[in-house]
Amino acid sequence: MRFCKKCLMPDTRPETLFNDEGVCQACLNSEKRQEIDWEKRGEELRKLCDKYRRDDGYYDCLIPVSGGKDSHFQVYMMKEEMNMNPLLITVGDPFTKSQAGVSNFRNLGDAFGCDHILYNISIPLFKKVTRTAFEEFGEPLKYLETAIYTVPFKMAIKLGIPLVVCGESEYQYGSSNKLIPTINDYISQRFRRIDLDFWLQKGIPLKELNAIVPPSGKEEPYVITLSYFKLWSSTKNLAIAKKYGFRDLHHEWKREGYIEDFEQIDSLGYLVHLWLKYPKFGFQRTSDIVSRRIRDGLLDLNEGKKLIRKNDPKLDQLSMDDFIELLGYTPKQFWDVVEKYWNREIFNKIDGIWKLKESVYEKFMKI
Ligand SMILES: [Zn+2]
């Protein structure tokens, strides 16, 4: 295991590219972004919107939203800046919601005056697929994450909406060195990777797999990411979102293992899915946030190392409670499943507790 020498992102992060000098693709992309003519890109977006905008009482674009700060920014851009008529869609999960999450979800339609569809997967099905994916892959929300791509795409086709507006692309995180406005190819690749047979073998009938069966028609919507057209910045998106009524977790919930209170804040049990990267790959949310902040010039390397070493191992208790309660595990059963995911190449078990090997941190993460 090694870490990007500029931003501390580990090379265990799936699909992350590193160059020969030990710098990750996300850092290289971030440097390239400084050279982009953003005014020109803004003009490109305007022209694209001119092509799709309509004023005959029907939607001209579909925006998949979670309710977070980036969702607020997406809707702000399309509705307020581009004068489009968007329909919003959320693929929800049945975990307990934070007060901020409930308020933000409602606020999206309220602050921007948009219609908003909530697509909830059947709860018995959600429990079944989430337990299976947790026990077999350590990726509990594998099914939901597929649905998050598949459902809006299929809805756009069914509803005859030709444009889908996403927020960030994978590009920001260093799994690609291409920057293009559309992610249609990327989505097609994801559709090809959907393994319906796996779920069928688990005894789930095809007729229950509505949410993840890929579309069959040829009339695809055009899917763009706004991060191609606008310089994507957490702090800027947060400021705009707050101006339109977005709430953070500050007064509600101090999460263990987190160094901010405005990302992934709506769903409690969902955070377990994010934490499971730690036993498997040796990092989780704090590393993600630290590397972005370092790239944005908001944090120095040493401070970043301290934050990662202190916070990444922690699993938030409230999120774990919510996860096991919905899915019907005892704490012991939960930890028995997690036991098999600790990556033996980078972790040692000492006195019953898994810890990252000293050698992992010694070389790259010395403070
Ligand atoms: Zn990096």
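Assorted remarks:
- Estimated dipole of the chain in Debye, rounded to 20 [Cβ of Lys and Arg +1, of Asp and Glu -1, Cα centre]: 500
- Choice from Phe347, Phe198, Phe334 with maximal GNM fluctuation in the chain (Cα, 10 Å cutoff): Phe198
- The chain: calculated mean residue ellipticity at 222 nm from DSSP helix runs of at least 4, using -39500 (n - 2.57): -13500 deg cm²/dmol
- Taking Gly67, Gly22, Gly217 in turn, the Gaussian network model of the chain (Cα-Cα springs below 10 Å) assigns the largest fluctuation to Gly217.
- Region 255-315 and region 1-71 have Cα centres lying 20 Å from one another.
- A 1.4 Å probe, protein heavy atoms only, puts the accessible area of Glu325 near 150 Å².
- For the chain, the solvent-accessible area with a 1.4 angstrom probe is 48 square angstrom per residue.
- Scanning residues 5 or more positions from Ile89 or on other chains, those with amide H under 5 Å from its amide H are Ile63, Val65, Ile117, with H placed 1.01 Å from N in the peptide plane.
- Using a Gaussian network model of the chain in which every pair of alpha carbons under 10 angstrom is joined by a spring, one finds that among Pro94, Pro313, Pro331 the greatest mean-square fluctuation is at Pro331.
- A convex hull fitted to the Cα coordinates of the chain yields 145 cubic angstrom per residue.
- Once C-alpha pairs closer than 8 Å and six or more residues apart are averaged by separation and normalised to the residue number of region 250-344, the relative contact order reads 39 percent.
The values are calculated or read from the model by the stated rules, or taken from the named source; none is laboratory data. The shown structure was predicted, so the numbers you read here are calculated from the model rather than taken from an experiment. Virtual Cβ from ideal backbone geometry, glycine too; neighbours counted across all protein chains shown. Heads up: the accessible areas ignore ligands, DNA and RNA and are worked out on the full protein's heavy atoms, side chains in. Shrake-Rupley method; radii C 1.70, N 1.55, O 1.52, S 1.80 Å.
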